[in-house]
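The values are calculated or read from the model by the stated rules, or taken from the named source; none is laboratory data. Given the structure is predicted, the values throughout are model-derived calculations rather than measurements. Glycine also receives a Cβ, built like all others from the backbone with ideal geometry; neighbour counts cover every protein chain displayed. The area values use the complete protein model at the heavy-atom level, side chains included, leaving out ligands, DNA and RNA. Shrake-Rupley method; radii C 1.70, N 1.55, O 1.52, S 1.80 Å.
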Amino acid sequence: YEIQEKINSMGFICTVIQDGKHSGYSELAVHITGMTCSSCTNSIERMLLNLEGVKEASVVLTTEMGKIQYDNNIIGVRTILKAIRDAGFQAEIPSKDTKMAALSHRKTINSWRMTFVLCLMLAAPSMVVMYAVPKSKEVIVGLKLKPFLLFVIATPGQYIGGRKFFVTAWKSILHKSANMDVLISLGGLISYLYSVAVLLHSVLTLNTGPVEVFFETSLMLYTFVSLGRWIENIAKGQTSAALSTLLSMQAHSARIVTLEEGTMDVVHEENIEIEYVQKGDIVKVCVGVSLCVSLFVSLC
């Protein structure tokens, strides 16, 4: 109000339209990646709504976009993005390029394809060992050759194939929520740790009998889930092809015309950016030009 008084004292009329302390809410669009199911979207929405200053939060899994309405006097954009990243997801403010990339899912498709190929390179030899190596053959007393080879193959697979699931699952658990990655991580890790325990027990007790281990189970789990995620993101990219086309065809400017009253003759024409078009403007649409706004067409 001091600014208002200063301007008034200079001979101008000044009125405070909106006080900065009560400026209302701002809306933020966020591109979020790393979501796998509706549980992920629910946990993000719940986490955001627990932040002080956030009024509404909506996250869509298929488009990987979120809309947050927040009070910019209490919380800021960086704080919201950091909260989403701390929950185990990637978040950024989308530009036009990132919107197109998000719709095509190229980055996610390539990532899951690489994970699937690496998992397959470990799962395939484990299947060969399962059916080709005799159960009775020993390395030393108490240590069978088959479970030992499976242990050697499966150990790096826990990092190569399970790292993505473990990271997301751990962050999800820290925020007291559970998603599909938690279930996958538990299944793969329990089968691996159980097999390690059985193998150690066999070696320490000099067991000469058969040993049942499940090292290949975790490898096959990571392989099939990675394949599913890869195919899923390919399907998302194909489904979003129409949206990508629409974005690329979007008009960037509009031709505004001024008409003379009575005669309806064009007095002035001006090209402006699409963001500056307002209600009541008369827009000239030429042949072959994309419609830039919703129009009410009057035929004279």
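Tabulated values for the structure
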{"item": "Subset of the stretch 218-256 [within 16 Å of LEU61 (Cα to Cα), among the hydrophobic types (A, V, I, L, M, F, W, C) and either at pLDDT 70 or above or part of a strand (DSSP E or B) (or both)]", "result": "TRP230, ILE231, ILE234, ALA235"}
{"item": "Count of residues meeting criterion [touching a residue at least 24 places away in the same chain (Cβ under 8 Å) and open to solvent by 70 Å² or more (accessible area, probe 1.4 Å)] in the stretch 108-126", "result": "2"}
{"item": "Residues (open to solvent by less than 20 Å² (accessible area, probe 1.4 Å) and under 15 Å from PRO210 (Cβ atoms)) located in the stretch 147-166", "result": "PRO147, LEU150"}
{"item": "Residue that is modelled with the highest pLDDT [pool: residues in the stretch 1-23 that are assigned to a loop (DSSP other than H, G, I, E, B) and surrounded by 11 or more Cβ atoms within 10 Å (Cβ to Cβ)]", "result": "CYS14"}
{"item": "Only listed residue being loosely packed, with under 13 Cβ neighbours inside 10 Å and in contact with a strand residue (DSSP E or B) (Cβ under 9 Å, 6 or more places away or on another chain), chosen from LYS144, LYS137", "result": "LYS137"}
{"item": "Residue match in the stretch 155-173 (condition: without any contact (Cβ under 8 Å) to a residue 40 or more places away in the chain, over 28 Å from SER39 (Cβ atoms) and of a type outside the set (A, V, I, L, M, F, W, C))", "result": "yes"}
{"item": "Residue tally, condition open to solvent by less than 40 Å² (accessible area, probe 1.4 Å), in contact with a Lys or Arg (Cβ under 8 Å, 6 or more places away or on another chain) and over 28 Å from GLN238 (Cα atoms), over the stretch 56-87", "result": "3"}
{"item": "Per-region count, the stretch 45-55, residues assigned to a helix (DSSP H, G or I) and open to solvent by 60 Å² or more (accessible area, probe 1.4 Å)", "result": "2"}
{"item": "First in the stretch 127-151 and in contact (Cβ under 8 Å) with a residue 12 or more places away in the chain, second anywhere and of a type in the set (A, V, I, L, M) and open to solvent by 70 Å² or more (accessible area, probe 1.4 Å), Cβ under 7 Å, 6 or more apart", "result": "VAL141/LEU206; GLY142/LEU206; LEU145/VAL139; PHE148/VAL139"}
{"item": "Where a residue in the stretch 64-90 is of a type outside the set (D, E, K, R) and its partner, wherever it lies, is buried (at least 18 other Cβ atoms within 10 Å of the Cβ) and in a loop (DSSP other than H, G, I, E, B), with Cβ under 7 Å and at least six apart", "result": "GLY88/GLY34; PHE89/GLY34; PHE89/MET35; GLN90/GLY34"}
{"item": "Filtered residues of the stretch 120-166 (kept if of a type outside the set (A, V, I, L, M, F, W, C), part of a helix (DSSP H, G or I) and closer than 24 Å to THR205 by Cα)", "result": "LYS146, PRO147, THR155"}
